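Contents: one structure, followed by commentary.
The values are calculated or read from the model by the stated rules, or taken from the named source; none is laboratory data. Quick caveat, the model's predicted, so the values are computed rather than measured. When we count neighbours, we look across all protein chains shown, and the Cβ atoms used for this are built from the backbone with ideal geometry, even at glycine. Ligands, DNA and RNA are excluded from the accessible area calculation, which covers all protein heavy atoms including side chains. Shrake-Rupley method; radii C 1.70, N 1.55, O 1.52, S 1.80 Å.
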Amino acid sequence: MRGNRRLSPHFTLGQLMEVNVEHRGRTLPAQDTPGQAVVCHLELLCECYLEPLYQAGEEPRIRCAYLSKRLNDYLGEREDDWHTRGSAVDIYCDGLPHAIRLFNIIHKRFLYEGVGFDELFIYIRGRTTWLHVSYDCCCDPRRVKDNQNSLRYGIFKYNQRMRHYE
């Protein structure tokens, strides 16, 4: 069964295909099985970001990693999102201090081990906080050095009245 395929010591393809986002009571369409290139990106995602969090004593709870194009469109995410390519993951956090701790683990890997990322964001929406990390799937994050000028990182809080993140 493809969903049980182990991508790393602590994560399976099935775990990274689960979608645990708020969808306002709507039934989500089934995920399409990702192709081999996407699976390779997901393995790299596990190796570079999820396993190091696990080794640092954290147990990442996946909010969303892989999204098929159909599901991505259904949820209204950005067109051609990194999630559709298997090079992004959103991790639930137990509040802002926990999100900052995870953020720091990944950021220190960039500073001291040269593991790059494209985006590293903390999102806050109501009582829900998550960390988003992604890498440009055209580059191996383990070989990305000196890209500090292109890194995007920050904290965004959802403004309910304006219906967008600030």
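It is to be established whether one or more residues within segment 85-105 are closer than 14 Å to Asn20 by Cα, open to solvent by 40 Å² or more (accessible area, probe 1.4 Å) and touching a Ser or Thr at 6+ places or on another chain (Cβ under 8 Å). Checked segment 85-105: at least one residue is closer than 14 Å to Asn20 by Cα, open to solvent by 40 Å² or more (accessible area, probe 1.4 Å) and touching a Ser or Thr at 6+ places or on another chain (Cβ under 8 Å). The residue pairs whose first member lies in segment 78-93 and is among the aromatic types (Phe, Trp, Tyr), whose second member is modelled with pLDDT under 90 and crowded, with 21+ Cβ neighbours inside 10 Å, and whose beta carbons are closer than 6 Å, counting only pairs six or more residues apart or on different chains, are Trp82/Ser134. Restricting attention to segment 55-84, the residues that are open to solvent by 60 Å² or more (accessible area, probe 1.4 Å), basic (Lys, Arg) and either touching a strand residue (DSSP E or B) at 6+ places or on another chain (Cβ under 8 Å) or under 22 Å from Asp140 (Cβ atoms) (or both) total 1. Close Cβ contacts (under 6 Å, 6 or more residues apart or on different chains) running from residues in segment 50-66 that are more than 11 Å from Ile105 (Cα to Cα) to residues that are part of a loop (DSSP other than H, G, I, E, B) and open to solvent by 60 Å² or more (accessible area, probe 1.4 Å) comprise Arg63/Asn20. Filtering segment 106-152 to residues that are open to solvent by less than 30 Å² (accessible area, probe 1.4 Å), touching a helix residue (DSSP H, G or I) at 6+ places or on another chain (Cβ under 7 Å), modelled with pLDDT under 85 and part of a helix (DSSP H, G or I) leaves only Pro141.
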